[in-house]
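Right, one structure below, let's go through it.
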Amino acid sequence: MVSDYLQTVDWSRAQFAMTAVYHWFFVPLTLGLSVLIAMMETLYYRTRDDFWRRTTRFWMRLFGINFAIGVATGLILEFEFGTNWSNYSHFVGDIFGAPLAIEGIMAFFLETTFIAVMFFGWNKVGRGFHLASTWLTAVGANLSAWWILVANAWMQYPVGCTFNLQTVRNEMTSFWEVALSPVAVNKFFHTVCSSFTLASLFVVGVSAWYLLRRREEKMARASIALASAFGFVFVVLTATTGDRSGVVVARVQPMKLAAMEALYRGEEGAPLTLFGVLRPERERTSDDVFRFSLGVPRLLSLMSFRDAGAFVPGIDDLVDGNPGRGIMPVAEKMARGRVAVGELVCYRAAREVGDRPAMEAVERRFDPSTPEGRAFLRDYFAYFGYGYLQSPQQTVPNVPLLFYSFRVMVGAGVFFMLLLAFVWRSNRRGTLVRQRWLLRVCIWTIPLAYLASQAGWVLAEVGRQPWAIQELMPVGIAASKLPSASVGVTFFLFLALFSALLVAEISILLRQIKIGPEKIDNE
């Protein structure tokens with residue numbers, strides 16, 4: 001039975017990860033392209049030049065294809081919380097469900113209402129109202145991202161809640177603490193800025209394809225002029241918010257930081273590894289992690305704590321403890337967590353037999369208004385999630401995956417910054433159309449942008465493992481108790497469905513790009 005449940009957990013994790021990866025193929029382009037389209041229509045509104053109307057309608061067509069498939073995968077992703085992760089939903093549904101409900105009622109309703117006017121309102125409503133509808137669609141899409149990222153950020157940094165002993169659930173005590181936590185705010189801006197960058201690279205790449213074929217040169221150059229400038233601004237902001245993410249992660253998820261830097265032994269003035277090749281796990285030791293590496297001394301300490309001499313804890317410090325630095329070993333946290341779990345077991349048993357004195361004794365330990373309660377909550381219940389772990393090593397995420405994902409994301413970001421600046425300059429000077437090698441680079445940068453975007457999400461989500469909710473609920477107890485075969489079957493069904501949707505989107509997008517905007521005007 002235990003073995004079957006572990007298989008269920010593994011299948012559920014695989015299914016959710018696969019759904020999230022496929023969904024994220026569509027979201028960044030939706031977020032960024034909606035804003036670029038609104039900017040293009042604004043130019044049409046101000047100039048009354050039909051060139052901008054035609055250009056807007058072309059990019060709007062590509063946006064609509066992407067938006068429709070993104071919605072389909074997103075709905076399935078939300079339903080999986082109830083089907084595959086019912087224990088999670090019960091334990092924190094009061095908190096996690098609030099931003100998702102707001103997203104559905106306010107943001108998703110806003111974008112789906114005005115997207116109809118945006119697509120079908122040409123020549124049917126006034127130009128001003130149509131422009132407003134396009135902007136409201138863009139605002140709605142990005143508001144949806146805000147509330148979804150608030151929910152995700154709470155899993156990374158659970159705040160604004162308290163534990164209800166009667167219902168064995170965490171319940172929200174401060175909506176604004178949840179909505180405006182430093183993790184939520186920074187995650188939103190970093191994600192949206194990176195999405196705007198991806199959309200800009202998409203527009204630049206598609207426009208480069210037209211220039212290579214000497215088609216639609218005016219539209220392509222105008223689109224590149226707007227998208228390259230827009231993208232450069234937001235790739236710089238992505239780097240800025242990414243730097244801030246490192247500061248936040250260093251404080252609230254130190255294990256994630258240590259894993260993505262492959263830092264096993266903490267040190268003062270820790271270096272930042274620019275590039276390196278890790279040794280296989282069987283050969284790796286705390287003092288010999290890399291086959292070779294290139295790093296900048298003291299930079300990790302400076303970026304993480306704004307102090308070049310600051311101590312950055314490593315994986316060994318966080319697992320085994322470091323009394324000199326005030327770091328408790330995971331084994332001790334597990335022991336304290338099991339005390340808290342044991343109290344809940346006692347309370348449930350006492351309630352089943354109606355033993356009121358025993359229930360009151362447990363209730364006093366969970367009462368934050370008494371010294372006994374405050375001490376218990378601080379010293380034991382704070383480590384509640386650790387009580388379900390089997391070994392301290394479970395707290396270490398996949399180090400190679402995080403290490404390489406981080407470097408793919410950052411390296412690609414630096415490349416995008418240089419490329420967009422160079423493309424903007426060449427386009428402004430009128431030499432871009434003659435630089436065919438650069439146009440080809442722009443086209444091949446589109447899949448690189450998607451790879452970098454996916455690497456960012458791998459870093460965020462794999463770095464949190466083994467926690468469904470950071471230090472509060474391990475993934476192993478969050479899953480529903482379903483037959484593993486059922487989850488396995490749905491995994492392959494969803495894999496086939498999502499693969500078909502992805503292939504369909506790519507083929508439809510390519511067909512529409514080949515057709516070009518000239519056919520749209522004849523509709």
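The values are calculated or read from the model by the stated rules, or taken from the named source; none is laboratory data. If you're wondering where the values come from, they're calculated on a predicted model, not measured in any experiment. In this analysis, Cβ positions are derived from the backbone assuming ideal geometry, glycine residues included, and neighbour counts consider all displayed protein chains. Protein only, heavy atoms only, side chains kept; ligands, DNA and RNA dropped before computing areas. Shrake-Rupley method; radii C 1.70, N 1.55, O 1.52, S 1.80 Å.
Things worth noting here:
- Of the helices (runs of 4 or more DSSP H) entirely within region 460-523, those holding at least 2 residues that are in contact (Cβ under 8 Å) with a residue 60 or more places away in the chain, over 30 Å from Met219 (Cβ atoms) and of a type in the set (A, V, I, L, M) occupy 475-478, 484-515.
- The criterion of being open to solvent by 10 Å² or more (accessible area, probe 1.4 Å), at negative phi and at pLDDT 90 or above does not hold for Asn164.
- Taken over region 473-490, the criterion of being modelled with pLDDT of 90 or more and touching a helix residue (DSSP H, G or I) at 6+ places or on another chain (Cβ under 6 Å) is satisfied by Met473, Pro474.
- Among the helices (runs of 4 or more DSSP H) confined to region 313-392, the ones with at least 3 residues that are under 20 Å from Arg464 (Cβ atoms) are located at 315-320, 330-353.
- Contact annotation: residue pairs with Cβ atoms under 9 Å, 6 or more positions apart or on different chains, pairing a residue in region 230-243 that is free of Cβ contacts under 8 Å to residues at least 60 places away in the same chain with a partner that is open to solvent by 70 Å² or more (accessible area, probe 1.4 Å), are Leu237/Phe189; Thr240/Phe189; Thr241/Phe189.
- Ala259, sole failed condition from (1) open to solvent by 20 Å² or more (accessible area, probe 1.4 Å); (2) in contact (Cβ under 8 Å) with a residue 24 or more places away in the chain: (1)
- Qualifying residue in region 239-247 (condition: out of contact with any His (no Cβ under 8 Å at 6 or more places or on another chain), open to solvent by less than 20 Å² (accessible area, probe 1.4 Å), outside any helix (DSSP H, G or I) and not small (Gly, Ala, Ser)): no
- Answer from Phe91, Phe79 - the residue that is touching a residue at least 24 places away in the same chain (Cβ under 8 Å), on the phi < 0 side of the Ramachandran plot and part of a helix (DSSP H, G or I): Phe91
- Looking only at region 317-358, residues that are open to solvent by less than 40 Å² (accessible area, probe 1.4 Å) and charged (D, E, K, R) come to 3 in all.
- Members of region 167-185 that are under 14 Å from the mean Cα position of the chain (by Cα) and surrounded by fewer than 21 Cβ atoms within 10 Å (Cβ to Cβ): Val185
- Hits in region 393-403 - residues which are in a helix (DSSP H, G or I) and in contact with a helix residue (DSSP H, G or I) (Cβ under 8 Å, 6 or more places away or on another chain): Gln393, Thr395, Val399, Leu401, Leu402, Phe403
- Scope region 319-350; condition closer than 16 Å to Glu268 by Cβ and hydrophobic (A, V, I, L, M, F, W, C); matching residues: Ile327
- For region 199-230, the candidate set comprises residues that are small (Gly, Ala, Ser) and open to solvent by 10 Å² or more (accessible area, probe 1.4 Å); within that set, the residue that is nearest to the chain's Cα centre (by Cα) is Ala229.
Table: residues versus (1) open to solvent by 30 Å² or more (accessible area, probe 1.4 Å); (2) under 30 Å from Pro466 (Cα atoms); (3) touching a Ser or Thr at 6+ places or on another chain (Cβ under 7 Å).
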{"position": "Arg407", "(1), (2), (3)": "yes, yes, no"}
{"position": "Phe415", "(1), (2), (3)": "yes, no, no"}
{"position": "Leu418", "(1), (2), (3)": "yes, no, no"}
{"position": "Arg428", "(1), (2), (3)": "yes, no, no"}
{"position": "Val433", "(1), (2), (3)": "no, no, no"}
{"position": "Arg440", "(1), (2), (3)": "yes, no, no"}
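- Of all residues making up region 287-312, the number that are aromatic (Phe, Trp, Tyr) and outside any strand (DSSP E or B): 1
- Residue in region 271-286 that is among the hydrophobic types (A, V, I, L, M, F, W, C), open to solvent by less than 60 Å² (accessible area, probe 1.4 Å) and not in a strand (DSSP E or B) present: no
- Of the set (1) open to solvent by 30 Å² or more (accessible area, probe 1.4 Å); (2) part of a helix (DSSP H, G or I); (3) closer than 10 Å to Ile95 by Cα, all apply to His190 but (3).
- Residue within region 275-291 that is more than 30 Å from Ala468 (Cβ to Cβ) and among the aliphatic types (A, V, I, L, M) present: yes
- Of the residues making up region 412-459, not one is under 19 Å from the mean Cα position of the chain (by Cα) and not in a helix (DSSP H, G or I).
- Scan of region 14-42 for residues that are under 18 Å from Val206 (Cβ atoms), open to solvent by 10 Å² or more (accessible area, probe 1.4 Å) and touching a Phe, Trp or Tyr at 6+ places or on another chain (Cβ under 6 Å), ordered by number: Thr30
- Among the conditions (1) closer than 21 Å to Leu31 by Cα; (2) open to solvent by 10 Å² or more (accessible area, probe 1.4 Å); (3) touching a His at 6+ places or on another chain (Cβ under 8 Å), the only one that Met118 does not satisfy is (2).
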